[in-house]
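Novice: This structure is in structure tokens; I'll ask about it shortly.
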Amino acid sequence: MSNIPQPPSETKILGTFASLVGLLGIFLYFTGWLYRWAYYSFFQLEIIRLDFPIRSFLFVPIQVCLGDFWAFGRTALVAIATIILIKFTLWLLQPLNTLEGNQSNQGRSRLREFAQKLHRSLIARTLRSLAEVFPQSLRNDTIIVTWLLVALFWLARIQGTIDARRDAINDTSLLPVITFVTPEKSSVLGRNLDNLFLDPSLEGYRIIGDKGLFDYLRGRETNDVVTPENTRVWRLLLENNGWFYLFPALPPKADRDQRPPVLAIRANGSGELMILSPDYTKPDSK
């Protein structure tokens, strides 16, 4: 019998460490991407059309898991639930003859009987059939990684939506208040600094889409903090790929499903303007 040289233990440790670091990087990027997807989807923006450096996604999970006390508590609960689900799934996929029981104890016997019924159920048999697609050496790892990805998906989605809702409300927003000054005729929306009540000329402009939304925003381009119930404050959501994304923050008593319209203005002064809204304007909208 020939002796095959085994790699040194240090090499095995380094290989395992490199694998863990690579897997951790995938989890961090996955969580960061989903968080931003949920956050900007709240404002009708698609993450795939925004330009963020890859390294920035690796730091976003800190906000998802440790952003505040509630985020930390939610992460702890999800971690406990994920561990339970992983153990339950691994147990459910075991062959029936591997179940242990103690017939001398009536409670154990009833528990064993329930476990056997669960293992014989159609769902359990289907799951075991699907699990046989994967090699035995990868089966457990696949189950663990799958449940971890599911947990990270919901954590990132929930936290992204919560943070977007917070920033959309004027009283709780962490986004900066903006004053955006453009040359004359560089944007179809905007007030004349010499006369805020004078509507700029629309000659030479064309429109496609919801004119009611344009009419709704025209005349509301400046902040209004005189009446608390009708407070209007413009905030900067994002500057990305040569576009400025602005929106009027929502009042504190806004409906849970209410979303602010977002103005996308080309930064090169070409006059291009997009208005993004979750819904079209109704005939009775003011």
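The values are calculated or read from the model by the stated rules, or taken from the named source; none is laboratory data. No experiment lies behind these values; they were computed from the predicted model shown. Quick reminder, even Gly has a Cβ in these numbers, built from the backbone with ideal geometry, and neighbours come from all protein chains shown.
Novice: Within region 64-80, can one find any residue that is crowded, with 16+ Cβ neighbours inside 10 Å, among the aliphatic types (A, V, I, L, M), part of a helix (DSSP H, G or I) and modelled with pLDDT under 90?
Specialist: No.
Novice: What tally of residues in region 81-97 results from selecting those that are under 20 Å from the mean Cα position of the chain (by Cα) and in a loop (DSSP other than H, G, I, E, B)?
Specialist: 0
Novice: Is there any pair with a first residue in region 248-264 that is in a strand (DSSP E or B) and a second that is among the polar types (S, T, N, Q) whose Cβ atoms are under 7 Å apart and which are 6 or more apart or on different chains, and what are they?
Specialist: Cβ pairs passing all conditions: Leu250/Asn170; Leu250/Gln258; Val262/Gln44.
Novice: For a quick check of your reading of the model, give me the residue pairs whose first member lies in region 37-53 and is touching a residue at least 40 places away in the same chain (Cβ under 8 Å), whose second is of a type in the set (Lys, Arg) and not in a helix (DSSP H, G or I), with beta-carbon atoms closer than 8 Å and at least 6 apart or on different chains.
Specialist: Phe42/Arg259; Phe43/Arg259; Gln44/Arg259
Novice: Given the options Leu198, Leu202, Leu238, name the one that is surrounded by 15 or more Cβ atoms within 10 Å (Cβ to Cβ), among the aliphatic types (A, V, I, L, M) and either modelled with pLDDT under 85 or not in a loop (DSSP other than H, G, I, E, B) (or both).
Specialist: Going through Leu198, Leu202, Leu238 in turn, the sole match is Leu238.
Novice: If I ask for residues that are part of a loop (DSSP other than H, G, I, E, B) and in contact with a Lys or Arg (Cβ under 8 Å, 6 or more places away or on another chain), which ones from region 16-49 would you list?
Specialist: Residues satisfying the conditions are Phe42, Phe43, Gln44.
Novice: Shifting gears a bit: Would you pick out the residues in region 164-181 that are part of a loop (DSSP other than H, G, I, E, B) and not hydroxyl-bearing (Ser, Thr, Tyr)?
Specialist: Within region 164-181, the first condition is being part of a loop (DSSP other than H, G, I, E, B), and the residues that meet it are 170-176, 178-181.
Of everything in region 164-181, those that are part of a loop (DSSP other than H, G, I, E, B) and not hydroxyl-bearing (Ser, Thr, Tyr) turn out to be Asn170, Asp171, Leu174, Leu175, Pro176, Ile178, Phe180, Val181.
Novice: For region 154-176, indicate whether the set of residues that are of a type in the set (Ser, Thr, Tyr) and surrounded by 15 or more Cβ atoms within 10 Å (Cβ to Cβ) is non-empty. If you could, list the steps in order and put the result at the bottom.
Specialist: Quick first cut of region 154-176, residues of a type in the set (Ser, Thr, Tyr) only: 161, 172-173.
Then keep just the ones that are surrounded by 15 or more Cβ atoms within 10 Å (Cβ to Cβ); that gives 161, 173.
Checking region 154-176: at least one residue is of a type in the set (Ser, Thr, Tyr) and surrounded by 15 or more Cβ atoms within 10 Å (Cβ to Cβ).
Novice: Report whether or not Phe180 is aromatic (Phe, Trp, Tyr), at pLDDT 90 or above and surrounded by 13 or more Cβ atoms within 10 Å (Cβ to Cβ).
Specialist: On the way: aromatic (Phe, Trp, Tyr): yes; at pLDDT 90 or above: no; surrounded by 13 or more Cβ atoms within 10 Å (Cβ to Cβ): yes.
Answer is no for this residue.
Novice: Further question: Filter region 241-260 down to the residues that are over 10 Å from Ala168 (Cα atoms) and modelled with pLDDT of 90 or more and list them by number.
Specialist: Residues satisfying the conditions are Phe244, Tyr245, Leu246.
Novice: Consider only pairs whose beta carbons are under 7 Å apart and that are at least six residues apart or on different chains; among these, list those whose first residue lies in region 145-161 and is under 16 Å from Val60 (Cβ atoms) and whose second residue is not in a helix (DSSP H, G or I).
Specialist: Gln159/Gly67; Thr161/Phe42
Novice: Now, a different point. Tally time: how many residues in region 24-46 are among the β-branched types (Val, Ile, Thr) and under 14 Å from Thr161 (Cα atoms)?
Specialist: Of all residues in region 24-46, those among the β-branched types (Val, Ile, Thr) come to 26, 31.
Then drop every residue that is not under 14 Å from Thr161 (Cα atoms), which leaves 31.
Residues meeting the conditions: 1.
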